[in-house]
Amino acid sequence: MYAYNFEGRRYDVGDKLGFLEATVDYALKKDDIKDDFLNYLKQVCDRCKSID
C-alpha cells in the first residue's frame, strides 16, 4: 500500500461543479491566460447581474 500526504485543494472532477471549479482555479493560476480569463469571468458576472 502506498500513501501520499497531500497538501492543497482537492477537486472532485467527477462532479460537474467540481470540474468547473478546478478548471476556473487552474485558468486563474496560468499567467499566459489569467488576465483574459478574468476579464471573461467579469463579463459573465455582468451578464448574470442584468438577468436579475
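Ser50 satisfies every condition listed in (1) of a type in the set (Gly, Ala, Ser); (2) at pLDDT below 95; (3) surrounded by 10 or more Cβ atoms within 10 Å (Cβ to Cβ) except (3).
A Cβ distance below 6 Å, combined with a sequence gap of six or more or placement on separate chains, defines the contacts here; from region 29-52, residues that are without any contact (Cβ under 8 Å) to a residue 40 or more places away in the chain reach residues that are assigned to a helix (DSSP H, G or I) and of a type in the set (Gly, Ala, Ser) in the pairs Ile33/Ala27; Phe37/Ala27.
When each of Tyr4, Tyr11 is tested for being within 14 Å of the chain's Cα centre (by Cα) and on the phi < 0 side of the Ramachandran plot, the lone residue that passes is Tyr11.
Go through (1) of a type in the set (D, E, K, R); (2) at pLDDT 95 or above; (3) part of a loop (DSSP other than H, G, I, E, B) one by one and return the number of the condition Arg10 breaks. Every condition holds for Arg10 apart from (2). Here region 21-36 is the region considered, the condition is being more than 10 Å from the chain's Cα centre (by Cα) and assigned to a helix (DSSP H, G or I), and the residue that is nearest to Tyr11 (Cα to Cα) is Lys34.
Between Tyr11, Tyr2, the distinction of being exposed (fewer than 12 other Cβ atoms within 10 Å of the Cβ) and hydroxyl-bearing (Ser, Thr, Tyr) belongs to Tyr2 only.
The values are calculated or read from the model by the stated rules, or taken from the named source; none is laboratory data. Quick caveat: nothing in here was measured; it's all calculated off a predicted structure. A quick note on method: Cβ atoms are made from the backbone with ideal geometry, for glycine too, and the neighbour counts reach across all protein chains shown.
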